[in-house]
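Enquirer: Dumping the structure here so I can ask a few things about it.
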There are 2 protein chains.
Amino acid sequence: MDCKKALEEAEGNIDKAIDGLRKKGIAKAAKRADKIAAEGLVYSYIHGNGKIGVLLELNCETDFVAKTDKFKDLAHDVAMHIAASAPKYLNREEVLAEEIAKEKEVYSEQLKNEGKPAEMIEKILEGKINKFYGEICLLEQPFIKDEDNTVEQVLVQASSEIGEKVTLRRFARYELGEGIEKKACDFAEEVAEQMG
Amino acid sequence: MDCKKALEEAEGNIDKAIDGLRKKGIAKAAKRADKIAAEGLVYSYIHGNGKIGVLLELNCETDFVAKTDKFKDLAHDVAMHIAASAPKYLNREEVLAEEIAKEKEVYSEQLKNEGKPAEMIEKILEGKINKFYGEICLLEQPFIKDEDNTVEQVLVQASSEIGEKVTLRRFARYELGEGIEKKACDFAEEVAEQMG
């Protein structure tokens with residue numbers, strides 16, 4: 001859309017249109033947004049001899065960039081971040097609606113109990129939910145190696161430095177035994193129990 | 001349930017009950033089924049310098065077994081298998097109902113076109129769907145290092161050799177760029193197109 005507008009403003013002159021976009025500082029970003037980042041690395045990081053594992057796909061536009069140390073280091077840093085910060089989702093779009101509805105309910109109950117007026121609750125709720133997204137979504141989390149920036153901002157910076165669109169497409173994080181109830185009950189115990 | 005029945009048959013004598021179960025060859029399996037496999041390894045395997053990546057959680061009952069070479073080798077072999085065989089699901093329970101419904105529709109249409117009688121179609125369909133499960137479910141796939149056995153059978157064998165319940169709980173497999181349309185369209189091209 002920016003391109004179209006710029007072209008109209010430049011009366012159909014491509015160079016002039018690009019100049020116009022450049023002035024607005026969006027030419028490079030626009031160029032990258034049109035590119036498809038289908039190269040890159042599938043990268044893994046295992047922590048604590050197999051206690052935590054992370055798998056991710058970090059994309060760029062060319063195989064050339066994917067092979068650079070800078071790109072590999074970025075993949076490693078993001079994998080380390082995921083291991084440490086345990087995000088549940090990549091971004092807001094992935095968060096289940098029920099999870100947000102549940103959080104909203106809990107918060108608004110809290111706020112009511114604190115005696116907050118109804119007209120304030122909606123406003124406070126918005127802030128609370130944004131904070132919640134920031135905790136569970138990888139791209140919104142403060143980056144462990146540079147807490148002034150979110151993971152998304154780190155990727156945008158890398159993109160700008162590398163000169164290619166850089167995106168984190170997906171990740172998985174497994175923690176050994178998470179969710180498995182740790183009650184061991186062997187056969188002898190069960191038999192003993194059944195005997196009364 | 002097996003335990004209870006065995007106990008009844010042995011008139012409440014535990015040793016006799018265990019003997020009875022052993023004779024039926026299910027004592028060891030029963031014992032393991034009661035245990036909870038919450039130890040093990042989160043293991044990863046990266047193929048082709050980051051073109052394919054696998055992450056899995058292989059569970060056993062004790063940290064001691066998790067640290068053995070035998071267990072590590074098993075985790076590695078299963079990860080290699082996943083990289084090579086590209087299963088979509090762990091087991092039948094994970095397969096989406098719509099996916100099976102779609103397959104059934106396609107198969108039954110094929111069979112009708114081949115002029116198969118209606119009473120045969122249901123029977124053939126069952127076989128076709130079983131084969132389909134065997135292709136997309138990791139635990140039902142023939143193991144790459146021993147194609148006479150499924151991955152599940154290999155895990156059961158390992159379980160029996162190791163003497164602990166061994167289960168594969170989950171896996172992820174990423175292939176670089178899969179699903180991303182590979183048409184690159186840079187800014188100049190887009191502008192040119194908009195110019196007609």
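Enquirer: Please go through region A:119-156 and pick out each residue that is under 19 Å from A:Glu105 (Cβ atoms) and touching a residue at least 12 places away in the same chain (Cβ under 8 Å).
Expert: Correct list: A:Ile121, A:Ile124, A:Leu125, A:Lys128, A:Ile129, A:Phe132, A:Tyr133, A:Ile136.
Enquirer: Right, something else. In region A:115-138, how many residues are open to solvent by less than 90 Å² (accessible area, probe 1.4 Å), closer than 18 Å to A:Glu93 by Cβ and part of a helix (DSSP H, G or I)?
Expert: So the answer is 7.
Enquirer: Restricting to region A:170-185, count the residues that are surrounded by 15 or more Cβ atoms within 10 Å (Cβ to Cβ), of a type outside the set (A, V, I, L, M, F, W, C) and modelled with pLDDT under 95.
Expert: 1
Enquirer: Same structure again: Taking region A:140-149, which residues are open to solvent by 20 Å² or more (accessible area, probe 1.4 Å) and under 9 Å from the mean Cα position of the chain (by Cα)?
Expert: If the condition is that a residue be open to solvent by 20 Å² or more (accessible area, probe 1.4 Å) and under 9 Å from the mean Cα position of the chain (by Cα), then A:Glu140 is the only one that fits.
Enquirer: When residues of region B:158-175 are filtered for being at negative phi and part of a loop (DSSP other than H, G, I, E, B), how many remain?
Expert: The total comes to 3.
Enquirer: Among the listed residues A:Ala33, A:Ala10, identify the single one that is open to solvent by less than 20 Å² (accessible area, probe 1.4 Å), aliphatic (A, V, I, L, M) and either modelled with pLDDT under 95 or touching a Gly at 6+ places or on another chain (Cβ under 7 Å) (or both).
Expert: A:Ala10
Enquirer: On to the next question. Name the pairs whose Cβ atoms lie under 9 Å apart, with the first residue in region A:37-63 and without any contact (Cβ under 8 Å) to a residue 24 or more places away in the chain, the second in a strand (DSSP E or B) and surrounded by fewer than 21 Cβ atoms within 10 Å (Cβ to Cβ), and 6 or more positions between them or separate chains?
Expert: Pairs found: A:Val42/B:Ile46; A:Val42/B:His47; A:Val42/B:Ile52; A:Val42/B:Glu175; A:Ile46/A:Ile52.
Enquirer: Can you name the residue in region B:64-85 that is within 11 Å of the chain's Cα centre (by Cα) and aliphatic (A, V, I, L, M) and, of all such residues, is nearest to B:Leu155 (Cα to Cα)?
Expert: That would be B:Val78.
Enquirer: For region B:165-174, what are the residues that are within 11 Å of chain A (Cβ to nearest Cβ) and touching a helix residue (DSSP H, G or I) at 6+ places or on another chain (Cβ under 8 Å)?
Expert: Once the filter is applied, which keeps residues that are within 11 Å of chain A (Cβ to nearest Cβ) and touching a helix residue (DSSP H, G or I) at 6+ places or on another chain (Cβ under 8 Å), region B:165-174 yields B:Lys165, B:Thr167, B:Phe171, B:Arg173.
Enquirer: Can you pull out the residues in region B:37-71 that are more than 28 Å from A:Asn59 (Cα to Cα), facing chain A (nearest Cβ under 7 Å) and among the acidic types (Asp, Glu)?
Expert: Answer for region B:37-71, where residues must be more than 28 Å from A:Asn59 (Cα to Cα), facing chain A (nearest Cβ under 7 Å) and among the acidic types (Asp, Glu): just B:Glu39.
The values are calculated or read from the model by the stated rules, or taken from the named source; none is laboratory data. This is a predicted model, so every value here is computed, not measured. Ideal geometry is used to build each Cβ from the backbone, glycine not excepted, and the neighbour counts take in all protein chains shown. Heavy atoms of the whole protein, side chains included, go into the accessibility calculation; ligands, DNA and RNA do not. Shrake-Rupley method; radii C 1.70, N 1.55, O 1.52, S 1.80 Å.
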